[in-house]
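**Q** This is the structure, below, for whatever I ask next.
The values are calculated or read from the model by the stated rules, or taken from the named source; none is laboratory data. Predicted, not measured: the structure shown is a model, and the values here were computed from it. Counting neighbours? That spans all protein chains shown, and the Cβs are built from the backbone with ideal geometry, glycine included. To get the accessible areas, we keep the full protein, side chains included, count just its heavy atoms, and leave off ligands, DNA and RNA. Shrake-Rupley method; radii C 1.70, N 1.55, O 1.52, S 1.80 Å.
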Amino acid sequence: MGSTSEVGRRDLVKRAAALGILSVPAVGALTSCATGGGGGSDGGGTENKGATSAQNPLGVKKGAPLEAFIFKGGLGDQYAKDAEADYDKAYGTTVKHTGTQQIGPKLQPRFAGGNPPDLIDNSGADHLDMNKLSAQGQLQDLAALLDAPSLDDPKKKVRDTLYPSTIEKGKHKDAFDVFYYAFTVYGTWYSGKLLKDRGWTYPTSFDEMLSLCAEIKKAGLAPWTYPGKYPYYVHFNLFAQIAKIGGLDKWIAIDNLEPNAWTGNDAVKQVVGFYEELAAKGYFLAGSQGLTHIQSQTAWTRGKAVFIPNGSWVENEAAPTTPADFGMAVGPLFDGGSGDRMPHGTLRAEPSEPFIVAKGGKNPLGGMELLRIMASRKHAQNFATKVKSLTAVQGATDGMQLSPGLASAAQAVKAGGKNLLMIQLQEWYPKLTDEKLGGLTSQLLTGELKAADWIKKAQQYADEVAKDDSVTKFHRAS
């Protein structure tokens, strides 16, 4: 879900968003406001619908008010304000803008009252439960946006300019009602300068990493750190490593909460065992279990640890403490051995930073149009410049002079080719991954829990969610 400060990471989820889900009111309370504010299944009430044209394909009414709530975390909100300025010029209005880290607390009562804002960047720890909102008919179907002509090339639809995974991830059942605007690269981040100065090379395999960790520790540095206050950061790597080694089909079984998906997968044993070994050999910075994401990133940028699991928002978020010559970079997933199902270079890179349009807003057509503006090459490049992150718009940064971390992320995506992993478990079941499994991972990394017990309990927790009728379930095709 995009970057956060103390209250927010997702990314994914992150991641990410990071993610304590804030529950929305009961179905009865929300059903009564499903049509509040003039929204409708066609994307808005007649009072805020204008004539369509080549320049206005969605039929936004000139001068109609538009309200946007933007999560103001590690990505800030200036990029949204810049897009809103272009909207203002085109439609003769001034977007009412709110930048906040309290999306859920501020908007939950507004959804219940039938007067939600039109466009929402639903990110951070206190975000709204999109699964429930979608199931209750509160989110605008964005199909019209996908089928509208892009601003850069009217011969291309917006859908044709996006990474396909953006559309896949944004669907609830058959409706595309979440637009993930950022494209986050997850992985193991490091300082290119530090490795070069020490004569170290980024490892390609688990075995190479363990050997390098021993050398790093002898040199008086910690090989790894992580935000122990939010141990699900480690899952950004751990989950993707399982998919890389065991194959996407077996990871999809985990996404789908299938029986024995954790315990019956040899890749799970190998990957969780790797983290158990890192802990047993003292390869984590002392005290990491008590650090926030900001504190662990600061320790890393100040050279106390060499590697950190994170998402590509880290360059922008850690900028205040990052030396100018740090050479921030991200590496691909490590090889487990000759039996790996996916090749070296496989990377977890997927849509993040979820934008939703409230069907019950006063101007949902305007909300979709603002997203169309954001999906232009101009604003995708502006996003990359301002927050050092890729967007869902394919190729938008081609030819740009990029910051070190963003350049590394873009190169990793290019090298990954078709081997880009998307993990849905953290998005669909954040209480399972961030709370339940996060607690297990915290114990694993401090040596309090063995890998075998982590796996056994992970399967138990997944089975409990699978049997819980109060939890909305999703299914991912193989």
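**Q** Give me the pairs, please: first residue somewhere in the stretch 110-123 and over 15 Å from A64 (Cβ atoms), second residue anywhere and β-branched (V, I, T) and in a loop (DSSP other than H, G, I, E, B), beta-carbon distance under 7 Å, and either six or more positions apart or on two chains.
**A** Correct list of pairs: F111/V24.
**Q** Let me ask something else about it. Can W189 be described as assigned to a strand (DSSP E or B) and either under 25 Å from the mean Cα position of the chain (by Cα) or on the phi > 0 side of the Ramachandran plot (or both)?
**A** Yes; evaluated as a whole, the condition is true for this residue.
**Q** Against the definition (among the hydrophobic types (A, V, I, L, M, F, W, C), crowded, with 23+ Cβ neighbours inside 10 Å and not in a loop (DSSP other than H, G, I, E, B)), how does A243 come out, yes or no?
**A** Against the criterion (among the hydrophobic types (A, V, I, L, M, F, W, C), crowded, with 23+ Cβ neighbours inside 10 Å and not in a loop (DSSP other than H, G, I, E, B)), A243 qualifies.
**Q** List pairs: first residue in the stretch 192-206 and buried (at least 17 other Cβ atoms within 10 Å of the Cβ), second residue in a helix (DSSP H, G or I) anywhere in the structure, Cβ distance under 7 angstrom, at least six positions apart or on different chains.
**A** Y202/L195; P203/M209; P203/L212; F206/F274
**Q** Within the stretch 249-273, take every residue that is more than 22 Å from the chain's Cα centre (by Cα) and polar (S, T, N, Q) and give me the one that is farthest from G339 (Cα to Cα).
**A** Step by step, filter the stretch 249-273, then rank; the result is N260.
**Q** Within the stretch 454-474, is even one residue farther than 22 Å from V158 by Cα, open to solvent by less than 50 Å² (accessible area, probe 1.4 Å) and not in a helix (DSSP H, G or I)?
**A** Yes, the stretch 454-474 contains a residue that is farther than 22 Å from V158 by Cα, open to solvent by less than 50 Å² (accessible area, probe 1.4 Å) and not in a helix (DSSP H, G or I).
**Q** Something else about it: For the stretch 246-282, what are the residues that are open to solvent by less than 10 Å² (accessible area, probe 1.4 Å) and at positive phi?
**A** G247, the sole residue that qualifies.
**Q** If you don't mind, there's one more thing I want to ask. I'd like the full set of residues that are outside any helix (DSSP H, G or I) and under 18 Å from K106 (Cα atoms), limited to the stretch 123-144.
**A** Of everything in the stretch 123-144, those that are outside any helix (DSSP H, G or I) and under 18 Å from K106 (Cα atoms) turn out to be S123, G124, A125, D126, H127, L128, D129, Q138, L139.
**Q** Taking only the stretch 209-239 into account, find how many residues are more than 21 Å from M328 (Cβ to Cβ) and surrounded by fewer than 16 Cβ atoms within 10 Å (Cβ to Cβ).
**A** Result for the stretch 209-239: 6.
**Q** Identify, please: which residue in the stretch 423-449 is over 21 Å from A243 (Cα atoms) and part of a loop (DSSP other than H, G, I, E, B) and is, among those, most open to solvent (accessible area, probe 1.4 Å)?
**A** The residue in question is E448.
**Q** Check Q241, Q297 and return the single one that is at pLDDT 95 or above, of a type in the set (S, T, N, Q), under 19 Å from the mean Cα position of the chain (by Cα) and within 29 Å of D468 (Cβ to Cβ).
**A** Q241
**Q** Where residues in the stretch 73-102 are assigned to a loop (DSSP other than H, G, I, E, B) and either of a type in the set (D, E, K, R) or surrounded by fewer than 16 Cβ atoms within 10 Å (Cβ to Cβ) (or both), which of them is nearest to the chain's Cα centre (by Cα)?
**A** D77
**Q** Scan (1) of a type outside the set (D, E); (2) in contact with a helix residue (DSSP H, G or I) (Cβ under 6 Å, 6 or more places away or on another chain); (3) not in a loop (DSSP other than H, G, I, E, B) for the single condition L107 breaks and write down its number.
**A** (2)
**Q** Which residues, taken from the stretch 113-156, are open to solvent by 30 Å² or more (accessible area, probe 1.4 Å), in contact with a Leu (Cβ under 8 Å, 6 or more places away or on another chain) and at pLDDT 95 or above?
**A** A144
**Q** Please state which one of P351, P309 is open to solvent by less than 10 Å² (accessible area, probe 1.4 Å) and at pLDDT below 95.
**A** Matching residue, one of P351, P309: P351.
**Q** Within the set of pairs 6+ apart or on separate chains, which have a first residue in the stretch 323-352 that is in a loop (DSSP other than H, G, I, E, B), a second that is of a type in the set (D, E), and C-beta atoms under 6 Å apart?
**A** From residues that are in a loop (DSSP other than H, G, I, E, B), the pairs are H344/D335.
**Q** Would you point out the residue of the stretch 354-385, among those that are farther than 23 Å from A112 by Cβ and among the polar types (S, T, N, Q), that is least open to solvent (accessible area, probe 1.4 Å)?
**A** Per the criteria, the residue is S376.
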